[in-house]
Amino acid sequence: MHSSYLQRIVDRLAHSCEVAKNRFQHLDSEVLNWQPEPGRWSIAQCLDHMSIAAEHYNGSIGPAIEKAKSRQHATGLNPDPRFTLIGRLIIYAVSPQTTRKMKAPRSMRPSSAPITGDPVARFVRAHEATIALAHIADGMDTNRIRMSSPEARILRINATDAFEILAAHAARHLNQAHRVAETPGFSG
């Protein structure tokens, strides 16, 4: 990979996928759906939320990359990442270091019903799709690839923001899922 920034994103997302598989893949559906208390997310809900968010972002990043390729205005050197103001605010909000709780956008909230299927596999697929998009964007100026934020279409961010948001978001909610697993009463 030419871009050291995108390589760091790929490494962080790949690490998140490995953590999710190693820590949660062996757990059955009942354990994954266990909630520490009413109103607190289960591990499955954390994974579902991260998957939904990644799928939404991937749905914006992919077309933005294709549009930039067709116009050839974002190709060339891989400059240092430059985040937009909106991007910096979202990155801060979803960062693992941020202790402030916030409500997920309605479109990215997990189901309140038990999560069925394999939430770990869905998480991995969604984030591997992000990794694939980072590889496609390699060699492009992701600072110049503009798109609407999936949280609010009126907000404009760049692909640099989007990749950083997804990497930080995965780390934040994997930490949350780990806290669920460490809660007294958890049987996994």
## Note on the structure
How many residues of segment 3-46 are under 20 Å from S112 (Cβ atoms) and of a type in the set (S, T, N, Q)? The answer is 5
### Summary
Residue set E37, E128, E55, E30; condition assigned to a loop (DSSP other than H, G, I, E, B), among the charged types (D, E, K, R) and either at pLDDT 95 or above or more than 25 Å from I145 (Cα to Cα) (or both); output residue E37
### Message
Regarding segment 107-115, can at least one residue be identified that is outside any loop (DSSP other than H, G, I, E, B), buried (at least 20 other Cβ atoms within 10 Å of the Cβ) and in contact (Cβ under 8 Å) with a residue 60 or more places away in the chain?
### Response
no
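Condition (residue is crowded, with 21+ Cβ neighbours inside 10 Å and hydrophobic (A, V, I, L, M, F, W, C)) applied to segment 73-85: is it met by at least one residue?
Taking every residue of segment 73-85 in turn, at least one turns out to be crowded, with 21+ Cβ neighbours inside 10 Å and hydrophobic (A, V, I, L, M, F, W, C).
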### Summary
Of the candidates L89, L133, the one satisfying the condition of being free of Cβ contacts under 8 Å to residues at least 40 places away in the same chain, part of a helix (DSSP H, G or I) and hydrophobic (A, V, I, L, M, F, W, C) is L89
### Summary
Just one listed residue, out of R82, R71, R100, is more than 20 Å from R8 (Cβ to Cβ) and in contact with a helix residue (DSSP H, G or I) (Cβ under 9 Å, 6 or more places away or on another chain), and it is R100
### Task
State all residues of segment 52-61 that are surrounded by fewer than 23 Cβ atoms within 10 Å (Cβ to Cβ) and either within 23 Å of K21 (Cβ to Cβ) or in contact with a helix residue (DSSP H, G or I) (Cβ under 6 Å, 6 or more places away or on another chain) (or both); if no residue qualifies, say none.
I52, E55, H56, N58
### Task
Starting from segment 177-188, take each residue that is surrounded by 12 or more Cβ atoms within 10 Å (Cβ to Cβ) and list its partners that are of a type in the set (D, E, K, R), counting only C-beta distances under 9 angstrom and pairs at least six apart or across chains.
A177/R23; H178/R23; V180/R40; A181/R23; T183/E37; T183/R40; G188/D28
### Residue that is nearest to the chain's Cα centre (by Cα), among those in segment 136-159 that are among the basic types (K, R) and part of a loop (DSSP other than H, G, I, E, B)
R153
### Task
Determine the pairs where a residue that is within 17 Å of Q176 (Cβ to Cβ), located within segment 1-24, has a partner that is aromatic (F, W, Y) and in a helix (DSSP H, G or I) with Cβ atoms under 6 Å apart, the partner being 6 or more residues away or on another chain.
A20/F123
### Task
Would you check if there is a residue in segment 160-168 being surrounded by fewer than 23 Cβ atoms within 10 Å (Cβ to Cβ) and assigned to a loop (DSSP other than H, G, I, E, B)?
no
### Query
Identify, please: which residue in segment 143-156 is more than 18 Å from R71 (Cα to Cα) and hydrophobic (A, V, I, L, M, F, W, C) and is, among those, surrounded by the fewest Cβ atoms within 10 Å (Cβ to Cβ)?
I154
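The values are calculated or read from the model by the stated rules, or taken from the named source; none is laboratory data. Not measured: the values here are computed from a predicted model. Note that we place each Cβ from the backbone using ideal geometry, even for glycine, and neighbour counts take in every protein chain shown.
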